[in-house]
1. Do the conditions hold for residue 131, that is, is it open to solvent by 20 Å² or more (accessible area, probe 1.4 Å), outside any loop (DSSP other than H, G, I, E, B) and out of contact with any Cys (no Cβ under 8 Å at 6 or more places or on another chain)?
2. Residue 69: surrounded by 16 or more Cβ atoms within 10 Å (Cβ to Cβ), at pLDDT below 90 and of a type in the set (A, V, I, L, M, F, W, C), yes or no?
3. Out of all the residues in the stretch 72-94, which are open to solvent by 10 Å² or more (accessible area, probe 1.4 Å) and either among the basic types (Lys, Arg) or in contact with a helix residue (DSSP H, G or I) (Cβ under 7 Å, 6 or more places away or on another chain) (or both)?
4. Is it true that residue 33 is in contact (Cβ under 8 Å) with a residue 24 or more places away in the chain and closer than 25 Å to residue 111 by Cα?
5. Is there a residue in the stretch 102-111 that is under 22 Å from residue 38 (Cα atoms), free of Cβ contacts under 8 Å to residues at least 40 places away in the same chain and not in a helix (DSSP H, G or I)?
6. Confirm whether residue 99 is assigned to a strand (DSSP E or B) and not aliphatic (A, V, I, L, M).
7. From 34, 25, 106, which residue is charged (D, E, K, R) and either closer than 21 Å to residue 1 by Cβ or in contact with a His (Cβ under 9 Å, 6 or more places away or on another chain) (or both)?
Amino acid sequence: MIKAILVFNNHGKPRLSKFYTYFNEDMQQQFIRETFHLVSKRDDNVCNFLEAGSLIGGSDYKIVYRHYATLYFVFCVDSSESELGILDLIQVFVETLDKCFENVCELDLIFHVDKVHYILSELVMGGMVLETNMTEILTRIDEQSKLEKQEAGLSAAPARAAAAVKSINLPNIPTPNIQLPNLPSFK
């Protein structure tokens, strides 16, 4: 099971963090800092996974990562996950981001965080891998974009309806003068 997914830049600033198990805010920040220090000082020619150690729950957990340009994509997983399978999942995630944003960069992750989270939720939900077929993921993203465009058209509908009602000359309807009896107060 996937415990956490992190994306941070070369300076350790988190650009995406998704935890699938509960950790309080301080623990999350400590995990991000320590993970960055572990991953950033590793040489480029060593393997892309290591034991998480005491960071997130002991030797049963592993950190699997890839470094692309200025971003580190880090998945923290338990021993039931295949390291090579997670590396492939990271590749699918990055390629999907690349297709959606046309040469994805750090700024895309900052300014389109909602879309990035949507893409991630198409791949992983609740710590379990849902989909690895990039064509299926892109189809779902296109469907979501179409829905968002339809909703954008619908959001202007109340204003158009109000303007239409205002343009209709309705006679003034007198309001009745209704008086309610005094109700006893409870103290």
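The values are calculated or read from the model by the stated rules, or taken from the named source; none is laboratory data. The structure displayed is predicted, hence computed values, not measured ones. Don't worry about glycine lacking a Cβ; one is built from the backbone with ideal geometry, like all the others, and counts go over all protein chains shown. All accessible areas refer to the heavy atoms of the entire protein, side chains included, with ligands and DNA or RNA removed. Shrake-Rupley method; radii C 1.70, N 1.55, O 1.52, S 1.80 Å.
1. On the way: open to solvent by 20 Å² or more (accessible area, probe 1.4 Å): yes; outside any loop (DSSP other than H, G, I, E, B): no; out of contact with any Cys (no Cβ under 8 Å at 6 or more places or on another chain): yes.
In short, no.
2. Numbers: surrounded by 16 or more Cβ atoms within 10 Å (Cβ to Cβ): no; at pLDDT below 90: yes; of a type in the set (A, V, I, L, M, F, W, C): yes.
No; evaluated as a whole, the condition is false for this residue.
3. At the first step, the residues of the stretch 72-94 found to be open to solvent by 10 Å² or more (accessible area, probe 1.4 Å) are 72, 78-85, 87-88, 91-92, 94.
Matches in the stretch 72-94: 72, 92.
4. Working: in contact (Cβ under 8 Å) with a residue 24 or more places away in the chain: no; closer than 25 Å to residue 111 by Cα: yes.
No; evaluated as a whole, the condition is false for this residue.
5. Going residue by residue through the stretch 102-111, those that are under 22 Å from residue 38 (Cα atoms) are 106.
Filter once more, so that each one left must be free of Cβ contacts under 8 Å to residues at least 40 places away in the same chain: none.
No - not one qualifying residue is present in the stretch 102-111.
6. Numbers: assigned to a strand (DSSP E or B): no; not aliphatic (A, V, I, L, M): yes.
Criteria not met by residue 99.
7. Working: 25 fails: either closer than 21 Å to residue 1 by Cβ or in contact with a His (Cβ under 9 Å, 6 or more places away or on another chain) (or both); 106 fails: either closer than 21 Å to residue 1 by Cβ or in contact with a His (Cβ under 9 Å, 6 or more places away or on another chain) (or both).
Just a single option satisfies the conditions, and that option is 34.
For (1) part of a loop (DSSP other than H, G, I, E, B); (2) more than 16 Å from the chain's Cα centre (by Cα), each residue gets a yes or a no:
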site	(1), (2)
4	no, no
16	no, no
21	yes, no
26	no, yes
30	no, yes
35	no, yes
38	no, yes
43	yes, yes
